Amino acid sequence: MIKPKVVVTRRWPEAVEAALVEDFDVTFNQQDRALTSDELKDAVRSADAVLPTVTDRIDARVLDNGKPRTRILANYGVGYSHIDIDSAKSHGIAVTNTPDVLSECTADLTLTLMLMAARRASEGEREVRNGDWSGWRPTHLLGSKVSNKTLGIIGFGRIGQEVAKRAHHGFGMRVLVYNRSPIAADVLARTGAEPVASIDELLPQADFVSLHCPGGAANKHLINCRRLDLMKQSAFLINTARGEVVDERALVHALTFETIAGAGLDVFNGEPDILPELRGCENAVLLPHLGSATRETREAMGYRVVQNLKDFFEGRPPRDLVA
Ligand code: 8YV
């Protein structure tokens, strides 16, 4: 049987690359750099499946380019705001993602950011590494307590729920949640969360605000100047969702004038380019999109893509079909 032709846009952990070549005729991106728009166009023209990541903007310009050979975009990642779903649908291209397998690690990283921002861990580390630490003193780098505080979660899908469990059961936090659709009673009970009716109701009550909603046009600048003003002056904003959810210029303003206490960010608008003004904010913890970056999770994401592809090419509906 002829193996379907597959383009993988970035290098994957070795074990999953090996699993892919068993069933597919695979082209890897040997240099492991983000593909250009023209290279992505070539990929959808020449391969039966393209396996993109967050670094590939698959928009109408890439897809509306003659008749694509590609029948499935099997995304490596849960978020897919880098793919123009309407355009994919108009070409009859299926799109899948990799939910579930990265929820725990992304939640762990969310707690990492909360703790780092509140306890000023980056500032402290910079001081030690720069040789600037003059020694222990009672008033040195005082941060904010995390235990027993109030966490406000915006977007209560799988990752948001894992964050709530850790915060409530591990750190004794009160957890308020806002979600577009109603949340089942058993989910609230399991996670120790209390629903609120609106984002504006959540913001003034929270000591930490953590974003777990999808990116894309619908949530662009959901956290803007007005909403940052609704946050407590002592509160922290945590973003492991997508950069576009936050108006970064408004955030820089809030951090600079200390209308909020700090931020912990794993995702950025136009990453890997980061606003220089944001890089200058001492009270922001900045990580390079590490949410799912553990060997276990990155392998599990790969196996999930392999399964979606096998289902698709063997005529079964893939488990993680999003379009
Ligand atoms: C991925 C993520 O590393 O899954 C997501 O949506 O943001 C990260 O966990 C990245 O998107 C891979 O494409």
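The values are calculated or read from the model by the stated rules, or taken from the named source; none is laboratory data. Just so it is clear, the model here is predicted, and its values are computed rather than measured. Note: ideal-geometry Cβ built from the backbone for every residue, glycine included; neighbour counts use all protein chains shown. Accessible surface is based on the protein model in full, side chains and every heavy atom, while ligands, DNA and RNA are left aside. Shrake-Rupley method; radii C 1.70, N 1.55, O 1.52, S 1.80 Å.
Miscellaneous remarks
- Cross-link partners of K232 among aspartates and glutamates (Cα-Cα below 16 Å; sequence separation of 8 or more within a chain): D200, E201, D207, E258
- Take every DSSP beta bridge whose two residues both sit in the stretch 103-286; close to 0 percent of them are antiparallel.
- At the residue level, Y303 shows approximately 100 square angstrom of accessible surface with a 1.4 angstrom probe and all protein chains present.
- Annotation for the stretch 175-263: GluC sites (Glu not before Pro) lying in DSSP loop with at most 14 further Cβ atoms inside 10 Å of their Cβ are E258.
- Reachable lysines from K5, criterion Cα separation under 23 angstrom, eight or more residues apart if same chain: K41, K67, K89, K310
- Accessible-area order (highest first, 1.4 angstrom probe) of the listed residues V322, V8: V322, V8
- Segment D59-K310, length gained on full extension (0.36 nm per residue, minus Cα span): 87.9 nm
- By average C-beta atoms within 10 angstrom, highest first, the peptides 100-107, 86-93, 206-213: 206-213, 100-107, 86-93
- Whole-number percent relative contact order across the chain, with pairs defined as alpha carbons under 8 Å at least 6 apart: 17
- Computed from Cα atoms alone, the Kirkwood hydrodynamic radius reported for the chain is 21.0 Å.
- Beta bridge orientation in the chain: antiparallel %, DSSP, nearest 5: 5
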